[in-house]
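> Just dropping this structure here.
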Amino acid sequence: MLNLPHTTIESCTRQDNDVSLKLHLLNEEASCPHCKKLSSELHQNRPILIRDLSIFGQTTYLKIPRRQFYCCDCQRYFTESLTFLDEGRQYTRRYEEYIYQQVQSSSIEQVSRVEDLSFDRIEGIFKHQYARKKTPDGQESSALALMKSASVKDIKTLPQLSATLKLGS
Ligand SMILES: [Zn+2]
């Protein structure tokens with residue numbers, strides 16, 4: 001139901017219009033960021049509460065295990081990285097994506113009201129997402145590369161496209 005890899009819902013609690021889902025991680029091993037080897041030596045687990053997309057109109061939080069493993073090869077501790085959560089963030093990646101899109105089609109004030117989050121928090125999410133998208137290999141440079149590599153055949157279709165755009169405007 002969650003559509004998040006290696007997770008299942010352990011329990012669910014409701015309070016007012018908030019719903020909290022306690023997650024269980026199905027993978028028993030995590031990859032060491034230093035040597036990339038898998039470790040099953042669980043050292044400690046400190047769950048964190050993360051905001052996710054609303055479910056049935058209810059503000060939704062996930063209680064996610066934050067697990068620290070020990071790598072025998074490197075003799076170091078490391079925190080498991082989760083594909084759906086950026087390091088140090090209080091929201092799932094998909095929730096931040098959603099906020100980013102919502103802000104683009106309305107405003108920070110409007111999204112702040114709807115999501116019941118402060119202006120600063122919405123702005124923080126927007127800036128974080130903007131920075132993520134503006135990496136050296138981001139959209140701008142790849143779009144430019146695509147234009148540069150466009151064949152003669154592609155270029156021939158361009159006047160038609162611009163004509164269509166003019167009609168549209
Ligand atoms: Zn290691």
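> Could I have the simple spin-label model distance between R76 and H24, label points 7 Å from Cα toward Cβ, reported in nm to one decimal?
Result for the modelled spin labels: 3.3 nm.
> Counting Lys +1, Arg +1, Asp -1, Glu -1, what net charge surrounds Q129 among other residues with beta carbon under 12 Å of its beta carbon?
Working: positive: R89, R93, R94, K127, R132, K133, K134; negative: D86, E96, E97, E123.
In short, +3.
> Turning to a different aspect of this structure: Between L49 and E109, take the C-beta separation as r, use R0 = 22 Å, and let me know the FRET efficiency to the nearest 0.05.
Result of the calculation: an efficiency of 0.30.
> Based on the Cα coordinates of segment 86-134, what is the per residue volume of their convex hull in Å³?
On the way: hull volume 3.4 nm³, N = 49.
For segment 86-134, the hull spanned by Cα atoms encloses 69 Å³ per residue.
> Are there any trypsin sites (Lys or Arg not before Pro) in segment 1-45 that are in a DSSP loop and have at most 16 other Cβ atoms within 10 Å? List them by number.
Passing both the DSSP loop test and the Cβ count: K36, K37.
> When D16, D120, D86 are ordered from fewest to most other Cβ atoms inside 10 Å of their Cβ, what list results?
Least crowded to most crowded, the residues run D16, D120, D86.
Throughout, read-outs are computed from the coordinates displayed, never taken from laboratory work. Here the structure is a predicted model, which means the values were calculated and not measured. Here Cβ is always computed from backbone atoms with ideal geometry, including for glycine, and neighbour counts include all displayed protein chains.
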